[in-house]
Amino acid sequence: MLGGLSAEALAAHDARAGSISVEDAIKLGVPRSMVTGISEQMAEEARARGEEEEEEEEEEEEVGWWARLSPDERREEGLRRFRELPLEGKSALATKFTKAQRQAFKAARAKQKQQQQQQQQQQQQAGGEGGVAGAATTAPLGAHQRQRTTELVNACTCGDAAHAAAILEAGADVAATNGYGQSPLFMASWQGHADAVALLLAFGADAGVRSASGVTACASAAALGHVAVEAALRQQLLAGAGGDGAAHGGAAAPPCAALEPRPPDVDLARASFTWLIPRRAPHAGAGSWCVDGAFSVPFLARVEAAYERCADAATAGADHNPNRLFRAGDPSRRFFCDEEGFVTAALELVLAAAKERASGAEALALGEAPAGEPSAAVQGTGGPRSAVPFMRFLSYTEPTQQLPAHVDASKWDIRNERRGRHGERSTHTFVLHLRDCAAGGGTHLLGPGDTDARDPAATVAPVRGRLLIFPHKCLHAGAVTESVPKILLRGELF
């Protein structure tokens, strides 16, 4: 006996630990039945170790599968993996991060959080409002094709390269688009996220594809001054063209130059503002107004050209229809994104002018404020100052078409979105008319319960170039169309 253990027990222990052979253990007196059990246990432990090592090797190879492939091969392999997912519903395939992906994702999140905290401190020191810092350390990859595409587009829009990388490695379609015909590369380029752009190009994204509005990723980056992104896309386009400036079937490479100078889009000297419902009125539409003559002829022509380029949402397929169900009698819709910012810029000028005009005699006549004091209907936080770039055209082509009474939902700009954080929510709706209608087709601003529009607080007729602004919470309805076509651009303001 040694330390309370027999020689046989010590030999069995040594055999189990592998320090002596099974044959030597038998010579030391260990029963063969015990030796057989030890042998089986050792074999099972060896198999488990082998399987664990094999899984680790497979995971390492799985995480780095793309490293040995060219961008075109990565695109094809990612698409193959993506097609293994169902179109809708849940799937057990690639719905979680691997260990290496989690580590990379966590490191990127920590860096992002540190940058957000630094920006918050700088904003607070400058007297501004700090953003919401911090984010979750995990994010979904998407259990089915539609969800995965949405996750990828959103990650690239926000510049979340770590999340985008995990999605691409799990398998994704880099050519997929959102409801406005924008690919992940387009969204990353539009917002100036150089890291996400480089990642997508490495996975074979096409730099020359245009959005539904006819704008290339390179042109959008150039228009907004994203120099590094523009340079990367230009280099990719030239490389794809063999350096001769011809790409995509021999056509000239899409332009990357910034927009050429254009005539002013707004003519405020001719603008005529009408305040429809006083701000202090006991009405959900309080503070509604419209303006005529503010937009130049070239601007309206440019908006109409955008309308012609955009596809009808009812016939463009699911990828061009952001979860919209169409009813019989509804106007047709064409989804438009103001990627170059020309509509938003014009709206901002008109909104700013409205704040200046809503004072003195105009405000006093409405009982808004004493002469010389700006009206809170459009002043400061009481009124919108900019637009969400995701808009839509509505086209009424048949008499008797109309929209029933409803209120509009508030939206936010996904460009400012982070995990656990959203940008400012919209508060008002805008309607910009592109056609004159001699009869019918007006917009009724209604009171509570006035769903049949018997007693509207205001009615605004369709006049080319007329801009109508009203709060989302205001019940409103479209009058029956008589003169057609009635075409308008509609969107949200914040």
Next on the checklist: So Phe470 passes all but one of these: (1) at pLDDT 95 or above; (2) under 31 Å from the mean Cα position of the chain (by Cα); (3) part of a loop (DSSP other than H, G, I, E, B). Which condition number does it fail?
Outcome noted: (3)
Item to check | Residues located in segment 155-204, provided they are among the charged types (D, E, K, R) and either without any contact (Cβ under 8 Å) to a residue 60 or more places away in the chain or out of contact with any Leu (no Cβ under 7 Å at 6 or more places or on another chain) (or both) | outcome: Asp160, Glu169, Asp195
Checklist outcome for this item: Scanning segment 450-463 for residues that are in a loop (DSSP other than H, G, I, E, B) and under 35 Å from the mean Cα position of the chain (by Cα), the one farthest from Val291 (Cα to Cα) turns out to be Thr451
Next on the checklist: Of everything in segment 286-301, what is in contact with a Lys or Arg (Cβ under 8 Å, 6 or more places away or on another chain) and either hydroxyl-bearing (Ser, Thr, Tyr) or on the phi < 0 side of the Ramachandran plot (or both)? Give them in sequence order.
Outcome noted: Ala286, Cys290, Val291, Asp292, Ala294, Pro298, Leu300
Checklist outcome for this item: By residue number, the members of segment 176-189 that are of a type in the set (A, V, I, L, M, F, W, C) and over 16 Å from Gln236 (Cα atoms) are Ala176, Met187
Item to check | Sole residue being surrounded by fewer than 17 Cβ atoms within 10 Å (Cβ to Cβ) and either modelled with pLDDT of 90 or more or in contact with a strand residue (DSSP E or B) (Cβ under 9 Å, 6 or more places away or on another chain) (or both), chosen from Gly245, Gly208 | outcome: Gly245
Checklist entry - Which residues, counting only those in segment 205-235, are part of a helix (DSSP H, G or I), free of Cβ contacts under 8 Å to residues at least 40 places away in the same chain and β-branched (Val, Ile, Thr)? => result Val227
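The values are calculated or read from the model by the stated rules, or taken from the named source; none is laboratory data. Since we're looking at a predicted model, the values are computed, not measured. Cβ atoms come from the backbone with ideal geometry, glycine included; neighbour counts cover every protein chain shown.
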